[in-house]
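Structure first, then comments.
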Amino acid sequence: MVASAVAAAAAATASASPLAAARTGAARGALACVVYVSEGRRMDVLKAIESVALSKRITTKPNDMKTKRDDDDETYNNNAVKLVKTFIDEPYNRTGFTFAVRTDDDFDDAVNGGDNSALVVLDGKAKNERRKKKVSRLIANRVHEVATSAFMEIGSFKKHSATHPRLGIVDHVSVHPIGTCDMDAAKEAARAVGRRFGDELGVNAYMYGHATMVKGGDDGIGGEASANSAREKDTESNRERRELAEIRRKLGYFSANGENETWVGASDVYDRMQKWEVKPDFGSSEKSDVEEKGVCCVGAVPFVVNYNVPMVCELSDESQEKLALDLGKQIAKRVSQRNEIDGLPNVQSMALMRTTTTPSTPSPSRQNNKMEIEIACNLLDETSSTTRIQVQKKIEELMPELLVENVLRGVKLNGASCQIGQGYVTNLQPQDFLDAVSSTSSDDAAS
């Protein structure tokens, strides 16, 4: 009886679709992509952008663009790219739209509705290359749609302000391989996004991480030149990968230009672009484009954990606000990997004020004599390097130590006190992406 049950179960598993096999433990892979836009307070605007992010459509290459050898001329389902999270951060006036598309053997089921007869004749390498090309196009299509909506709905970058730094209306697009997905797929997708930003939206895009362009050769600005640029060669051999923090530092991302530690309008981004010897990899570099849309950083990197640790300070008067913010900045500086003495490896950090009011309001993050600051941390490699537990412990240890150091330097606390709260993660974790894309059924894919 038991043997029959086992045999029946085995037969059922053997006859099940590849998608079902993935759910029962087969190797899974996904490509994750996060699109950060500079809006977090106007719910009507965010709802309009999200409706585009959620849209389902079938895409077919126009007949006049097809060729006999074009392996992308069949109809495929754009819904294979799923919106798996929308994180609206009202205090920072910023929102992250997170997408995922599966990249394992069940990708073709999700896209083609289970009809993979055309793939039978392809060997493993050819199939993977075809899949990588299609994934790249799917991600680029979805990001392009969301970005187009964001530029239309949000309006001019000149009018934007926040207590979180940003460089553009669509500020940042990061692509991450998850599970069995390889970095090449992420690199191709990121470059496809950057290319379409420059060629079709007139947005200046700087590539970073594994998507970094090779220095020298074609300047990568606009049109066909960017699509066939010599700068699109691999950077693996010469180790010229550009870091996101480097781009941001050069363009003034970390330097608030408004009152109460706020970022207002396009600031001097264009002027900084002219002083920096590195041109954007895609886009026009026109001043009007930069002032209206800003610039965007687009990259392919291993998964990054966004971990924020709150710091709440009890203040006796407004004069102590600078003291509290300075303390937060000191903590962030000590935690960061840039601190060569005792900084944490693969951790980037900065102190930010949280606010739900407009920057013109005095003391935007202080209510009832309490001021909230966050130590915002990027954990670049939590798997084999610094973990969020270590970050939390380090910050908790630094607080009393730095308070004493400030007193010894003559800083008067006048009864002010600060406490460190429990940190939280703002983005999904790798397993969440795999679960999200695996929940797509063949019926969903065909809808």
Got a sec? Which of 279, 293 is more than 27 Å from residue 389 (Cα to Cα), within 24 Å of the chain's Cα centre (by Cα) and crowded, with 21+ Cβ neighbours inside 10 Å? 293
Scanning segment 148-182 for residues that are surrounded by fewer than 22 Cβ atoms within 10 Å (Cβ to Cβ), of a type in the set (Gly, Ala, Ser) and either in contact with a helix residue (DSSP H, G or I) (Cβ under 8 Å, 6 or more places away or on another chain) or not in a strand (DSSP E or B) (or both) gives 149, 155, 156, 179
Just give me the residues in segment 85-106 being aromatic (Phe, Trp, Tyr) and either crowded, with 23+ Cβ neighbours inside 10 Å or in contact with a His (Cβ under 7 Å, 6 or more places away or on another chain) (or both), in sequence order. 92, 97, 99
Apart from one, (1) part of a loop (DSSP other than H, G, I, E, B); (2) of a type outside the set (Asp, Glu); (3) modelled with pLDDT of 95 or more all hold for residue 114; the odd one out is (3)
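Listed here are the residues, each with its yes/no results for (1) part of a helix (DSSP H, G or I); (2) under 30 Å from the mean Cα position of the chain (by Cα); (3) at pLDDT below 95.
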site	(1), (2), (3)
334	yes, yes, no
350	no, yes, no
377	no, yes, no
407	yes, no, yes
Output for segment 305-319, where each listed residue is under 19 Å from residue 351 (Cβ atoms) and either modelled with pLDDT of 95 or more or of a type in the set (Gly, Ala, Ser) (or both): 305, 306, 307, 308, 309, 310, 311, 319
Subset of segment 278-295 [in contact with a Gly (Cβ under 7 Å, 6 or more places away or on another chain), part of a loop (DSSP other than H, G, I, E, B) and either among the aromatic types (Phe, Trp, Tyr) or on the phi > 0 side of the Ramachandran plot (or both)]: 283
Considering segment 184-215, residues that are in contact with a helix residue (DSSP H, G or I) (Cβ under 6 Å, 6 or more places away or on another chain) and among the hydroxyl-bearing types (Ser, Thr, Tyr), and then whichever is farthest from residue 273 (Cα to Cα), we arrive at 208
From the residues in segment 400-425 that are surrounded by fewer than 15 Cβ atoms within 10 Å (Cβ to Cβ) and polar (S, T, N, Q), which one is nearest to residue 96 (Cα to Cα)? 422
What residue, among those in segment 296-325 that are in contact (Cβ under 8 Å) with a residue 60 or more places away in the chain and assigned to a helix (DSSP H, G or I), is farthest from the chain's Cα centre (by Cα)? 320
Members of segment 384-423 that are hydroxyl-bearing (Ser, Thr, Tyr) and either touching a Pro at 6+ places or on another chain (Cβ under 8 Å) or not assigned by TED's automatic domain parsing to the domain that holds residue 342 (or both): 385, 386
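The values are calculated or read from the model by the stated rules, or taken from the named source; none is laboratory data. Predicted model, so just to flag it, every value in this text is computed and none were measured. Quick reminder, even Gly has a Cβ in these numbers, built from the backbone with ideal geometry, and neighbours come from all protein chains shown.
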